[in-house]
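Data block below; observations after.
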Amino acid sequence: MIILDYLISAVWLSPFAYLLLMLLGKLFNRTLKSDLIKQKGDVEKKVDKIIYEIPTVGNYKLVNGVFEEVKNYNLPVPLETWAVVEERDIHKDQYVCDRVVVVPKDFECEDLYKARALEYARRLRKKLVDEGELSLNYVLLEGDDDSLPSHRFIQESLKVDADISTGSITPKIVGAWNTILEYERCIACAFFCNFFTNIGQPLFAHGDGMVISSKADQNVSYDTSTFNKNFRKKLVNSEDGFYLHKAAVMGFRVFNSEEPVYILPPLTVSDAVKQRRRWLWGQWELFSQKMLPLQNRLRLGILMLLGFCIYSIATLGLPLNYLGIIHIQEPLLPAIFATVIIWFGMRAYIIGNAMGWKHGVMGCLLSYVTVTLNFLVQVTGLLKGNPRNFEVIRKE
């Protein structure tokens, strides 16, 4: 049982590693932001327009509301809104925007569903540039129909000379259980995105809110054959993760902002399972189908596995300890007790900083409930198997 003793001890001490990740992430965020602003000065002066693109499947009311809200930001450069829809969308005439991009039914590429729509719109912008109808002095703001990039995020992204900037996910407050469930997305951004993205080795990406330079938009496709020339499987899910990883591998500069991108949580338990299932199996496809270089796949695979293992082992350790099956070494006990305070403190700080002090307190007190809910939703999605399609969830 000595190996088990040390394994559980190591897992219980892991909050020290998370604290280090969080602090380093903040340091890298500040350092990179300072460097990128210094290098090119006020980038927004070189931008002719922002193209705000939202791919959707008929959610015209949500899309129109988001477009209207962002228009009211009074940004320093003109905003052009694009709704990207499928040919079958019966609401094409109800989108209030500058351009409705209709993806033809017969359009073929290496992607399906949302990735296919994004690739079609990307190729359209490339065509417009080639034909002289669109200047290269644009930036692309990409979002979802259930997300809202904050004014602060867009403003910072215009000033930072990065090719792709991602925002920090901040849930809107909708009910009790689904808001609590989404606390973990704030935590993931603070622990992982701020660290890995800002050292140029991204882990997760957020299609909910990304600002992409015209250079990256014109040159980084969603094509999966880039890293595997014999690849024949189409990209179905995790298109945002694939895109960010691919851009970083190609040498484009990526930056994670601490400014918020607001998202709408899943409205039902069933939708929460659909969403997490889609993400989980999408990441697994990137890993198992060799869509990315080995280094990127290993990074994704190890972090995915650690998430399941740390929760399972830490939870199992409690009854094993009280039953006397494992024995934590006495010199480690003060450090293990300290990790409880560190864990609660980090959660209160991260969630409170994103959503206000009341939610910081709730996120702290309900930390085990929140983590357990997410674990159960993820396991359910795992057991249900690969959806092999893009499962749409209810937005309103």
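Here the residues Val236, Val379, ranked from fewest to most Cβ neighbours within 10 Å of their Cβ, fall in the order Val379, Val236.
This ranking places Ile313, Ile54 by how few other beta-carbon atoms lie within 10 Å of each, fewest first, which gives Ile313, Ile54. Rounding to the nearest 10 and keeping the result within 0 to 90°, find how far the Cα-based axis of helix 269-288 lies from the longest principal axis of the chain. The angle comes out near 80 degrees. Ordering Ile326, Gln275, Ile2 by Cα displacement along the dipole of the chain toward the positive end leaves Ile2 in first place; charges were set at the Cβ atoms of Lys, Arg (+1) and Asp, Glu (-1). Rg and Dmax, both from the Cα atoms of region 27-268 and both in Å, are 17.2, 51. Express as a percent, rounded to the nearest 5, the fraction of DSSP beta bridges in region 27-268 (both residues included) that run antiparallel. Of all bridge pairs located within region 27-268, approximately 30 percent are antiparallel. The length gained by stretching the chain between Leu376 and Lys105 to full extension, at 0.36 nm per residue less their Cα-Cα distance, is 93.8 nm. For the residues Thr31, Thr179, Thr370, a GNM of the chain with alpha-carbon springs under 10 Å puts the largest fluctuation on Thr31. Once C-alpha pairs closer than 8 Å and six or more residues apart are averaged by separation and normalised to the residue number of region 27-268, the relative contact order reads 27 percent. In order along region 118-128, phi translates into HN-Hα couplings of 5, 5, 4, 5, 5, 5, 5, 5, 4, 5, 5 Hz, rounded to whole numbers, per the Karplus curve 6.51 cos²θ - 1.76 cosθ + 1.60 with θ = phi - 60° and x for Gly and Pro.
Sorted fewest first by neighbouring Cβ atoms within 10 angstrom, Cys309, Cys364 come out as Cys309, Cys364.
A compact globular protein would have a Cα radius of gyration near 2.2 N^0.38 Å; the ratio found for region 260-396 is 1.27.
Across Gly167, Gly143, Gly58, mean-square fluctuation computed from a Gaussian network of the chain (C-alpha pairs under 10 Å connected) peaks at Gly58.
Taking 0.36 nm per residue of sequence separation and removing the Cα-Cα distance, the Leu24/Leu267 pair yields an extension gain of 84.1 nm. Annotation: extensible slack from Asp93 through Leu7 equals 25.0 nm (criterion: 0.36 nm per residue apart, minus Cα-Cα distance).
Rounded to the nearest 0.05, the FRET efficiency derived from the C-beta distance between Ile37 and Glu133 at R0 = 35 Å is 0.65.
Built from the Cα atoms of region 58-193, the convex hull projects on average onto 10.4 nm², one quarter of its surface area.
Distance between the modelled labels on Ile302 and Glu330, one decimal in nanometres: 3.6 nm (7 Å Cα→Cβ projection). When the chain is treated as a Gaussian network with alpha carbon springs shorter than 10 Å, the biggest mean-square fluctuation among Leu19, Leu267, Leu298 belongs to Leu298. The simple Förster model, with R0 at 41 Å and r as the Cβ-Cβ distance, assigns Ile341 and Asp48 a FRET efficiency of 0.20. Applying 1/(1 + (r/R0)^6) with r as the Cβ-Cβ distance of Trp357 and Ala17 and R0 = 30 angstrom yields a FRET efficiency of 0.70.
Throughout, read-outs are computed from the coordinates displayed, never taken from laboratory work. Everything numeric in this text was worked out from a predicted model, so none of it was measured. Neighbour counts are summed over all protein chains in view; Cβ atoms, including those assigned to glycine, are modelled from backbone coordinates with ideal geometry.
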